[in-house]
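Readers should treat all values here as calculations from the given coordinates under stated rules, not as data from a laboratory. In this text the structure is predicted, and so the values were computed from the model without any measurement. Glycine also receives a Cβ, built like all others from the backbone with ideal geometry; neighbour counts cover every protein chain displayed.
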Amino acid sequence: MRLNLAKYLMIAGMALGLAACATKGELGQDAAGVVGNGINAQPGTLAEFQQVIGDSVLFETNQTEVNESGKALLRKQYAWLVQYNVTAIQIEGHADERGTRQYNIALGARRAASIKKYMTSIGFTGTIGTLSYGKERPISLCDNISCWSQNRRAVTSVVSK
């Protein structure tokens with residue numbers, strides 16, 4: 001009995017490991033993110049904001065300018081924030097592992113400031129804090145473009161409703 005349980009757990013672990021290695025595009029989007037991933041988050045919850053609306057804007061290498069897909073995501077975020085009366089958010093800027101720590105902290109700060117500027121320009125009147133983690137908090141670890149592209153991001157977090 002224990003051998004069967006161990007075998008099932010090992011197979012489940014291998015399946016999860018393989019799923020984490022899915023091929024990504026330049027900006028880290030895969031088919032599951034585009035088509036939908038079956039998430040049933042309740043309306044107005046932080047889970048809905050993070051998983052359904054999306055909390056991360058991705059950037060190209062060494063860029064701080066918000067591209068069109070980033071602007072579209074930020075408009076969705078704005079609509080959700082207004083709908084649920086959010087009064088304060090924080091933008092975390094991140095960078096990939098390449099470059100010095102100081103460069104990446106500055107790059108993350110510019111990315112967060114860029115998101116703050118855009119959110120203000122489309123009408124968000126709440127408090128917007130910014131913070132840069134540089135390359136210190138990657139969400140994907142490997143030494144190729146698929147990981148780097150996921151780590152070049154700015155993440156919006158809800159502070160208060």
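Between ALA88 and CYS142, the C-beta separation translates, for a Förster distance of 45 Å, into a calculated FRET efficiency of about 0.85.
Overall form of the stretch 24-160: oblate. Here a/c, set by the Cα gyration tensor axes a ≥ b ≥ c, is 1.5 or more, and a/b is not larger than b/c. When both bridge partners sit in the stretch 24-160, DSSP labels roughly 55% of those beta bridges antiparallel. The stretch between LYS117 and THR45 holds 23.4 nm of extra length on full extension. This uses 0.36 nm per residue minus the Cα-Cα distance.
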